[in-house]
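Accompanying notes for the structure given below.
The values are calculated or read from the model by the stated rules, or taken from the named source; none is laboratory data. Keep in mind that this is a model prediction, so the values were computed, not measured. Glycine gets a Cβ as well: all are built from the backbone with ideal geometry, and neighbour counts include every protein chain shown.
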Amino acid sequence: MKKDGILYTVVFSFIVTFLFVFLLALANEGTAGIVQRNQELARQKAILSAMAIPFRTDQEVNTLYKSIEIVKKDGVQLYKSSQGEKAIFAKEFSGSGLWGTITGIVSVDSEVSQIIGIQIVSHNETPGLGGRIADPWFKDQFRGLKVKNGKIHITFGAEAGSGKANKEEGVADGITGASRTSQSMDTILNGELGMLKKILGGSR
Amino acid sequence: MTAKDLKKISRENLWFNNPIFIQILGICSTLAVTNLLTNTLIMTLGVTFTAAFSNLTIAFMKEWIPRKVRMIVQVLIISFYVIIVDILLRAFLPEISKSLGPYVGLIITNCILMGRAEAFAQSNPPLPAFWDGLTSGFGYMWVLMVIAFVRELLGFGTLFGIPIAPSWFPQWTIMVMAPSAFFLVAILLWIAKNRMTGGKA
C-alpha cells in the first residue's frame, strides 16, 4: 500500500486513534474507583472542616461524618451537627466564578448570625490568583464571621487587602489580583446566606 | 549516536538553544503558572514527562506516519500523554490536581511539545528523541523555576509555601499577577543572550 495514499492514511489514522483512545479509556476505568473515593473523602472532609469539626486521619473522617445528620428542609439538603452546645448547619453551594463553577460548603449557626466556616470543593479559577480561594488564609477569614443584616461583604478591587477586613462587621478580605473571583464569592455566599436564613429562620 | 551527541543535545536544550531563551516557546504557561514554586514544579514535570515520551513514541512510529497527517498524529500522541498525566494526578495527587486546575490540560497546547516532535523526533531515532524531549523539558523547567522563585518570594514572601520573608516585608502584588512574568522573562532573556554572545549581539 502506498504510504501517502488516501486509503493508507485513513486506515492508519483510524488505528492510531483507536489504539490511543482505547488505552486512555483503560487508564480512566482503572483509576475511576480511586478518583471517586478521593472525591467522596474530599467532600466529607470539606463538610467537617466547614463545620469546624477537627479530624486527623482519614479513618476519623469516616466516623465523624457518620455523626452528621442529613436533613431536608424545603427540598434543600442540609447537614446538621448537634455535637456542640447549639446545632450548626452546613449546605453545599455552587455558583459561577470567573472561569467555571465554584462548588463548596458553607456552614452557619442555627440563627444564621455567623458563618462557622466555608470550604471549597472544586473550582476552575486561575491557579495562584482566583485559585487562592481554596487557600487556608482565605477560608479562615470566614471562621466566626458575623453576618450583618443577613449579609457579609468580601472586598475586591482597590479595597482588597486595604485592612478593611473585620470579623465583627462581617467583612472579609478579597484576593488582590482576582477581583472577579472575589466578587463571585461575595455573590455566591450572600445568596446562600439568604437561602439559609429563609429555610432555618422560619422553623424556630 | 554517541555519548558526545547526547551531551550536545542536552547542552543545546539547557542553554544554547533553550526553549524559553532562544526558541521563545511555551511563553503562555510561563506567564500563567509561575507565581508559586510548587505549581510550577509539578506543571514543568508534566511537560518534561510528556515531551520525553511523546518524542519517544513519535520517533518509534515515524516510519509509518503518512506525511499529510503527521501533525495530527503528533497532537494525538501529545494529548494522550497529557491526559495520562491528568488521570494520574487526579488519582494519586488530588490536592495538586485541584490547585493546578485547568493547567494540566493546557500542557497539550505548550508549543515546546509540538516543536520538539516536529523538529527532532520526526527525523531522529527513538533514544536520542527521548533524551531531547527530556532535556528540553528540563531547559524549560529551570528557567520557569527561577522566575517562580523570584515571583513567589517577592509576591507572597514564601518559598514552596514556607514563609521566608520577615513580617514587615511588603508583598509585591504585581509579582503575583501575570505582567510580572513578562518583565522577568525579558530580564532573563537579556542576561542569557548577553552571556551567550559575550556582549556583542
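From the set of residues in the stretch B:52-64 that are more than 13 Å from every other protein chain (Cβ to nearest Cβ) and within 16 Å of B:SER123 (Cβ to Cβ), which is surrounded by the most Cβ atoms within 10 Å (Cβ to Cβ)?
Of the residues in the stretch B:52-64, the ones more than 13 Å from every other protein chain (Cβ to nearest Cβ) are B:52, B:55-56, B:59.
Keeping just the survivors that are within 16 Å of B:SER123 (Cβ to Cβ) gives B:55-56, B:59.
Numbers: B:ASN55: 30, B:LEU56: 22, B:ALA59: 23.
This residue is B:ASN55.
Set side by side, the residues A:GLY95, A:GLY100, A:GLY30 differ, and just one is within 16 Å of the chain's Cα centre (by Cα) and within 14 Å of chain B (Cβ to nearest Cβ), which is A:GLY100.
For A:ASP74, the criteria (1) surrounded by 13 or more Cβ atoms within 10 Å (Cβ to Cβ); (2) farther than 16 Å from A:ILE116 by Cβ; (3) in contact (Cβ under 8 Å) with a residue 60 or more places away in the chain hold in every case but one, which is (1).
Restricting attention to the stretch A:96-105, does a residue exist that is crowded, with 16+ Cβ neighbours inside 10 Å, part of a helix (DSSP H, G or I), touching a Pro at 6+ places or on another chain (Cβ under 8 Å) and not acidic (Asp, Glu)? No, there is no match, as no residue in the stretch A:96-105 is crowded, with 16+ Cβ neighbours inside 10 Å, part of a helix (DSSP H, G or I), touching a Pro at 6+ places or on another chain (Cβ under 8 Å) and not acidic (Asp, Glu).
Of the residues in the stretch B:77-90, not one is among the hydrophobic types (A, V, I, L, M, F, W, C), more than 13 Å from chain A (Cβ to nearest Cβ) and buried (at least 16 other Cβ atoms within 10 Å of the Cβ). Scanning the stretch A:171-199 for residues that are free of Cβ contacts under 8 Å to residues at least 60 places away in the same chain, more than 14 Å from chain B (Cβ to nearest Cβ) and buried (at least 22 other Cβ atoms within 10 Å of the Cβ) yields a single hit, A:ALA172. Within the stretch B:65-76, being more than 8 Å from every other protein chain (Cβ to nearest Cβ) and surrounded by fewer than 19 Cβ atoms within 10 Å (Cβ to Cβ) holds for B:ARG70, B:MET71, B:VAL75.
Can B:LEU100 be described as within 11 Å of chain A (Cβ to nearest Cβ) and either under 30 Å from A:LYS45 (Cβ atoms) or touching a strand residue (DSSP E or B) at 6+ places or on another chain (Cβ under 8 Å) (or both)? Criteria met by B:LEU100. Test B:ASN124 against the stated conditions and say whether it is closer than 30 Å to B:ILE65 by Cβ and out of contact with any Leu (no Cβ under 8 Å at 6 or more places or on another chain). Judged against the criteria, B:ASN124 is a match.
Scanning the stretch B:134-170 for residues that are surrounded by fewer than 16 Cβ atoms within 10 Å (Cβ to Cβ) and on the phi > 0 side of the Ramachandran plot, we see that the one that is farthest from the other protein chains (Cβ to nearest Cβ) is B:PHE160. Does the stretch A:7-17 contain any residue that is part of a helix (DSSP H, G or I), aromatic (Phe, Trp, Tyr), surrounded by 18 or more Cβ atoms within 10 Å (Cβ to Cβ) and more than 11 Å from every other protein chain (Cβ to nearest Cβ)? Among the residues of the stretch A:7-17, not one is part of a helix (DSSP H, G or I), aromatic (Phe, Trp, Tyr), surrounded by 18 or more Cβ atoms within 10 Å (Cβ to Cβ) and more than 11 Å from every other protein chain (Cβ to nearest Cβ), which makes the answer no. For the condition modelled with pLDDT under 85, part of a loop (DSSP other than H, G, I, E, B) and within 14 Å of chain B (Cβ to nearest Cβ), A:GLY131 does not qualify. Residue-level analysis places B:LYS8 outside the set of residues that are over 17 Å from B:ARG116 (Cα atoms) and away from chain A (no Cβ under 14 Å).
Here is a yes/no grid of residues against (1) in a helix (DSSP H, G or I); (2) within 11 Å of chain B (Cβ to nearest Cβ); (3) more than 26 Å from the chain's Cα centre (by Cα); (4) surrounded by 16 or more Cβ atoms within 10 Å (Cβ to Cβ):
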{"site": "A:LYS3", "(1), (2), (3), (4)": "no, yes, yes, no"}
{"site": "A:LEU19", "(1), (2), (3), (4)": "yes, yes, yes, no"}
{"site": "A:PHE22", "(1), (2), (3), (4)": "yes, yes, yes, no"}
{"site": "A:THR63", "(1), (2), (3), (4)": "yes, no, no, no"}
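Residue by residue, here is whether (1) more than 17 Å from B:GLN74 (Cα to Cα); (2) over 15 Å from the mean Cα position of the chain (by Cα) holds:
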position	(1), (2)
B:PHE92	yes, yes
B:SER99	yes, yes
B:TYR103	yes, no
B:LEU106	no, no
B:THR109	no, no
B:ILE112	no, no
B:ALA117	no, no
B:PHE120	no, yes
B:ALA129	no, yes
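If you go through the stretch B:171-193 and keep only what is within 18 Å of the chain's Cα centre (by Cα) and more than 11 Å from chain A (Cβ to nearest Cβ), you end up with B:PHE182, B:LEU184, B:VAL185, B:ALA186, B:LEU188, B:LEU189, B:ALA192.
For the stretch A:39-56, how many residues meet the condition of being under 16 Å from B:GLU95 (Cα atoms) and either away from every other protein chain (no Cβ under 14 Å) or not acidic (Asp, Glu) (or both)?
Of the residues in the stretch A:39-56, 8 are under 16 Å from B:GLU95 (Cα atoms) and either away from every other protein chain (no Cβ under 14 Å) or not acidic (Asp, Glu) (or both).
Residues in the stretch B:77-90: is at least one touching a residue at least 60 places away in the same chain (Cβ under 8 Å) and of a type outside the set (Asp, Glu)? Give the derivation first.
Of the stretch B:77-90, the ones touching a residue at least 60 places away in the same chain (Cβ under 8 Å) are none.
So far as the stretch B:77-90 goes, no, none of its residues is touching a residue at least 60 places away in the same chain (Cβ under 8 Å) and of a type outside the set (Asp, Glu).
Listed by first and then second residue, the pairs with beta-carbon distance under 6 Å, at least 6 apart or on different chains, first residue in the stretch A:1-20 and over 17 Å from B:TYR81 (Cα atoms), second among the aromatic types (Phe, Trp, Tyr) and surrounded by 13 or more Cβ atoms within 10 Å (Cβ to Cβ), are A:MET1/A:TYR8.
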